[in-house]
Amino acid sequence: MLEAFWYIVCRSKQLGRQPLRRRLFDRRLVLFRDRDGRAACLEDRCLHRNMPLSAGQVVEGTLQCPYHGWRYDGAGRVCAIPAMPACAHSAHAIQAKHYPVKEQDGYIWVSLAEQPAQPEPPRFPHLNERGWASFRMSRVADGGVEAWLENFLDCPHTSYVHKGLFRNPSTRVMRVRVRELTDGAEAEFLEADEERRTSLIWKLLVPKKVPVQHIDRFIAPAMSRVEYHADNHDYFISSLCTPISASRTAINTVITFRHGLLTPFVRIVLPPLAQLILQQDVAVLRRQHENIEHFGGERFRVIPQDLLLPHIRRWRRALAEGRTPTPRTEQNRAERERDIVI
């Protein structure tokens, strides 16, 4: 089940002295820190009168309901009922639903399964490594997880949605190799001199005429990763898509990079450009979402140049059914190459 995987619900620094309300797969959750500072996640309702616990407060490392003062520890156990203090010893028998939590890479991750599908959340490459710089972006936007994964891993749209900023329309035919992986799929662009040198970002980030290696990767069930490597310049753009609901997604992106002596300069100029690109994607997917709500979600035509969308759908459908994707035939499982215009 997709709910069994790890998803980012907030940044570590967002979870302080007050409870934090979140939604995951349309379930209402509350997060707080216990007396040892560890993050905890409960269903956002008091077992007494269904009051949202997120409206309460943290008292001595426990979460206090604002209605009658019931208090819950990090495991969801009721540890105080003010109206019946003499029976405090029996309160522990009452337990709210709680969920597994991990704090990693500056994020709070939650799984909705008692036994998560993975022992640890996925990692962001080279984060906090010496010689690498990084920055983060977070956004909640219209559109489901699959729509956002496909968008992040779709090259043709960048020549139109991000025209002049990231790419420009071209008639250049490129060869792409698509590989199936044990945890998803990737598309490697085989033309080292991909025509994008007239765009603003590439003039700034890779000004020299050097070969550029470009790989787009889908990591099941909800992460995209785009890699660019040129000479001594390396960029990883990783986005974890958290399903708030079927049509609303929280996006947490980490961009890690190294650019030699110019890394501090890139750290200044890249974030606002990346934020602008994300905002353009948000606007496009908002319009798409509005049309899907009007016309229905099945009116999609998938073409061979939608490189990773079939893999995204196949993996997520299989995981939702509690299985891994069925292995393909040897012919279909082999690396496949195709042409694409971007």
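The values are calculated or read from the model by the stated rules, or taken from the named source; none is laboratory data. These figures come from a predicted structure and were not determined experimentally. Don't worry about glycine lacking a Cβ; one is built from the backbone with ideal geometry, like all the others, and counts go over all protein chains shown.
Against the condition closer than 30 Å to Ile268 by Cβ, in contact with a Phe, Trp or Tyr (Cβ under 6 Å, 6 or more places away or on another chain) and not aromatic (Phe, Trp, Tyr), how does Asp105 come out, does it pass?
Yes.
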Open item on the list: Whether any residue in region 179-188 is free of Cβ contacts under 8 Å to residues at least 12 places away in the same chain, in the same structural domain as Ala222 (by TED's automatic domain parsing) and more than 30 Å from Gly76 (Cα to Cα) is what I want to check.
Closed with: yes
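Could you list all residues from region 41-74 that are under 22 Å from Thr249 (Cα atoms) and among the aliphatic types (A, V, I, L, M)? Break it down into steps so the answer makes sense when it comes.
Initial filter on region 41-74 (under 22 Å from Thr249 (Cα atoms)): 41-44, 54.
Within region 41-74, just Leu42 meets the criteria.
Rundown of residues vs (1) part of a helix (DSSP H, G or I); (2) closer than 25 Å to Arg27 by Cα; (3) more than 14 Å from the chain's Cα centre (by Cα); (4) not hydrophobic (A, V, I, L, M, F, W, C), yes/no style:
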position: Leu240; (1), (2), (3), (4): no, yes, no, no
position: Phe257; (1), (2), (3), (4): no, no, yes, no
position: Leu262; (1), (2), (3), (4): yes, no, yes, no
position: Arg267; (1), (2), (3), (4): yes, no, yes, yes
position: Ala274; (1), (2), (3), (4): yes, no, yes, no
Open item on the list: What are the pairs with Cβ atoms under 6 angstrom where one residue, in region 136-154, is farther than 13 Å from Ile244 by Cα and the other, located anywhere, is assigned to a helix (DSSP H, G or I) and charged (D, E, K, R)? Sequence gap at least six, or different chains.
Closed with: Asn151/Asp281
Task: Enumeration of residues in region 261-289 that are surrounded by fewer than 17 Cβ atoms within 10 Å (Cβ to Cβ) and either small (Gly, Ala, Ser) or free of Cβ contacts under 8 Å to residues at least 12 places away in the same chain (or both) - done: Leu261, Leu262, Phe265, Ile268, Pro272, Gln279, Ala283, Arg287
Open item on the list: If I filter region 180-189 down to residues being within 22 Å of the chain's Cα centre (by Cα) and either of a type in the set (A, V, I, L, M, F, W, C) or surrounded by 14 or more Cβ atoms within 10 Å (Cβ to Cβ) (or both), which single residue comes out as farthest from Asp26 (Cα to Cα)?
Closed with: Glu188
TODO: Kindly provide the set of residues from region 139-176 that are surrounded by 15 or more Cβ atoms within 10 Å (Cβ to Cβ) and in a strand (DSSP E or B), ordered by number.
DONE: Arg139, Ala141, Asp142, Arg167, Met174, Val176
Task: Hits in region 203-240 (condition: under 30 Å from Ala4 (Cα atoms) and of a type in the set (A, V, I, L, M)) - done: Ile215, Ile219, Ala220, Ala222, Met223, Val226, Ile237, Leu240
Open item on the list: Restricting to region 297-342, name every residue that is modelled with pLDDT under 75, β-branched (Val, Ile, Thr) and assigned to a loop (DSSP other than H, G, I, E, B).
Closed with: Thr326, Thr329, Ile342
Task: Condition broken by Gly37, with the remaining ones in (1) farther than 17 Å from Tyr99 by Cβ; (2) in contact with a Lys or Arg (Cβ under 8 Å, 6 or more places away or on another chain); (3) surrounded by fewer than 21 Cβ atoms within 10 Å (Cβ to Cβ) satisfied - done: (2)
- [ ] Report the residue count in region 203-236 for those that are touching a residue at least 40 places away in the same chain (Cβ under 8 Å) and of a type in the set (A, V, I, L, M, F, W, C).
- [x] 9
- [ ] Report yes if Arg11 is within 27 Å of Ser238 (Cα to Cα), touching a strand residue (DSSP E or B) at 6+ places or on another chain (Cβ under 7 Å), of a type in the set (Lys, Arg) and free of Cβ contacts under 8 Å to residues at least 40 places away in the same chain, otherwise no.
- [x] no
Open item on the list: So Phe236 passes all but one of these: (1) of a type in the set (A, V, I, L, M, F, W, C); (2) in contact with a Pro (Cβ under 8 Å, 6 or more places away or on another chain); (3) assigned to a helix (DSSP H, G or I). Which condition number does it fail?
Closed with: (3)
Open item on the list: I need the strands (runs of 3 or more DSSP E) fully contained in region 21-81, keeping only those with at least 1 residues that are of a type in the set (Ser, Thr, Tyr).
Closed with: 62-64
